[in-house]
1. So what's segment 186-350 giving for Cα Rg divided by 2.2 N^0.38 Å, two decimals?
2. For segment 49-55, what does the Karplus curve 6.51 cos²θ - 1.76 cosθ + 1.60, with θ = phi - 60°, yield as ³J(HN,Hα) per residue in whole Hz, taken in order and with x for Gly and Pro?
3. Val257 to Leu228: FRET efficiency via 1/(1 + (r/R0)^6), r the Cβ-Cβ distance, R0 22 Å, to the nearest 0.05?
4. Does a label point 7 Å from the Cα of Ala212, set along Cα-to-beta-carbon, have any residues of segment 323-338 with amide nitrogen under 18 Å, and which are they?
5. Using 7 Å Cα-to-Cβ label points, what is the Tyr340/Leu67 separation (nm, one decimal)?
6. Which order results if Met47, Met276 are arranged by neighbouring Cβ count within 10 Å, fewest first?
7. Would you mind putting 156-166, 50-60 in packing order, based on average other-beta-carbon counts within 10 Å, highest first?
8. What order, most packed first, do the peptides 331-339, 282-290 have when packing is the mean number of other Cβ atoms within 10 Å of each residue?
Amino acid sequence: MSALGRGRQASSVWAPTALAAASIFVIYLIRNAILPFVIAGGLGFVMDPLIQWLQPRLAGRRWIPALALFILLLVATGALAYWIGTIAVDDAAQLAQNGPAMLHRLLTQLFGPQGVTVFGKSYTADTITQDLQTEFAPVVGPAGYAEGLGLGLATLLGVFLTFVLIPYFLISGPRVVAGTIWLLPPERRAAVHRLLPRIVPVLRRYLIGIAAIVACTAVAAYAGFGLLFALPHAVLLSVAVGFLELIPALGPFTSLVLVGLSSLQQHSIGKAAGLMAYAVALRLVIDNVLGPIVLGRSAQLHPVAIIFAFVVGASLFGILGLLLAVPIAACIVIVLEYYYREPGEPGRVP
């Protein structure tokens, strides 16, 4: 092979590698800003088969079913937000007013009126409650309110931007995909078109696996919260716990916080401890057994690879990395299998 041929071959290898590295670095810098684009794009990807099915039945125009689905999504989101708001606001007000008394009652049942002595220091329900109130005073003070207000405004802006982007992805999703492929070097576009029929089914199976995990988690949570412990608003709590499965690291923590707040409303320390034990057991089973197995089969990855992808994604990109960890890992496996297969060997998805 001539020196020029070897130079072109090396360039064909290093150019995509450098482009991929530069893209990862840029995504890392803007990871928080592109989260609404990722969510809106994901919804467009999920709804695209339904839009394609409805399009020939509605005058052959894509914008008609896309706009109809967006309106339905907007109405459903508004109704859900109103339902949650009417329940959560009242519960939050009652918890803020009666929370210290509830905690004091549970601590009295746990340690008794005289408290407990640890390393020569006595701890009673009164002292523990006062210490906790002192520790959380900055959170509920002016500084905490200001920080919460800033976080709330940022969240509202992110939600607003997401809903602005959703109709664009629903209506112009194929154009966005075509434009993204056009950004690639011309000699790489044919390979992308050959890989897409393999990547898209894997991603769809992964999304089906996510939906199955959310449904199983919500049902299992209601079996404990509603049927076993008879919590108020058990349906809302179970649905929230189920959807928090979409966030593998932050979701379990938030779920335990919600369940912990619900446990304060229990009149028996035994029921409160049982409720927390059930929530922890549910998290362990879903996150370490059911989740990796279902997602591994859906994305055709080993459960260890699923867990590793979550850890690496969360460490590098935060919430964005958690959402994209498994899909990107599945795409990487498919691409490597495509390029590493022997000449003449039929491509397969590992």
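Laboratory data are not the source of any read-out in this text; all were calculated from the coordinates shown. Note that this is a predicted model, so its numbers are computed, not measured. Every residue, glycine as well, gets a Cβ built from its backbone with ideal geometry; the counts of neighbours run over all protein chains shown.
1. Working: Rg = 19.5 Å, N = 165, 2.2 N^0.38 = 15.3 Å.
That works out to 1.27 for segment 186-350.
2. Couplings: x, 5, 5, 5, 6, 7, 4 Hz.
3. Details: r = 20 Å, r/R0 = 0.92.
Approximately 0.65, to the nearest 0.05.
4. 326-327, 330
5. So the two model labels end up 4.9 nm from each other.
6. On the way: Met47 20, Met276 16.
Listing Met47, Met276 from fewest to most nearby Cβ atoms yields Met276, Met47.
7. Values: 156-166: 14.6, 50-60: 12.5.
Packing proxy ranking, top to bottom: 156-166, 50-60.
8. Numbers: 331-339: 15.0, 282-290: 16.8.
Result, highest mean Cβ count within 10 Å first: 282-290, 331-339.
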